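Rule-based calculations on the coordinates, nothing more; no lab input. Since the model is a prediction, treat every value here as computed from it, not as a measurement. Counting neighbours? That spans all protein chains shown, and the Cβs are built from the backbone with ideal geometry, glycine included.
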Amino acid sequence: QVQLVESGGGLVQAGGSLRLSCAVSGRTLSSYVMGWFRQAPGKERQFVAAISRSGSSTFYADSVKGRFTISRDNAKNTVYLQMNTLNTDDTAVYSCAGRVSPFVRTGYYDYEVWGQGTQVTVSS
């Protein structure tokens with residue numbers, strides 16, 4: 001059974017950086033398109049970034065473009081989200097998700113497997 005475990009969340013001041021990791025076990029990471037999503041209290045789950053199986057293609061929400069970078073190391077079965085120039089609007093629970101189909105999608109309903117999430121809090 002595939003498992004996704006996020007780490008790297010925490011409390012950071014506005015303007016700071018965090019790097020999230022998503023470790024995948026139970027199945028080879030290269031089998032999945034991977035995405036990061038976030039959900040703030042009282043708000044819907046929001047697409048953040050996605051990456052193709054090989055890592056050659058990446059996609060970002062407009063709100064994070066230029067600040068966040070998604071990457072993957074298939075040999076280490078790990079996906080990363082580097083987050084720079086954080087602001088208070090980035091405060092949310094961040095979850096990684098996997099999609100078996102080779103086509104990258106931005107809808108959370110298109111992803112079959114999910115991690116438990118990690119809290120990111122940005123203070124002003």
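A few notes on this one:
- Gain in span if fully extended, Gln82 to Gln39, counting 0.36 nm per residue against the direct Cα distance: 13.7 nm
- Put simply, the amide H of Phe68, placed in the peptide plane, has neighbours under 5 Å in Asn84, leaving out anything fewer than 5 places away on its chain.
- Percentage of interatomic Cα-Cα distances in region 48-89 larger than 17 Å: 31 percent
- Near Asn87, the amide H atoms lying under 5 Å from its own belong to Gly15; only residues 5 or more places off or on other chains count, and H is placed 1.01 Å from N.
- Multiplying the residue separation of Ala14 and Val100 by 0.36 nm and subtracting their alpha-carbon distance yields 27.4 nm.
- Where trypsin sites (Lys or Arg not before Pro) fall in DSSP loop in region 30-89, at most 13 other Cβ within 10 Å: Lys43, Lys65, Lys76
- Residues Thr28 and Ser63, FRET efficiency given R0 of 35 Å [Cβ-Cβ distance, rounded to 0.05]: 0.65
- Taking the empirical scaling 2.2 N^0.38 Å for compact globular proteins as reference, the chain has a Cα radius of gyration ratio of 0.97.
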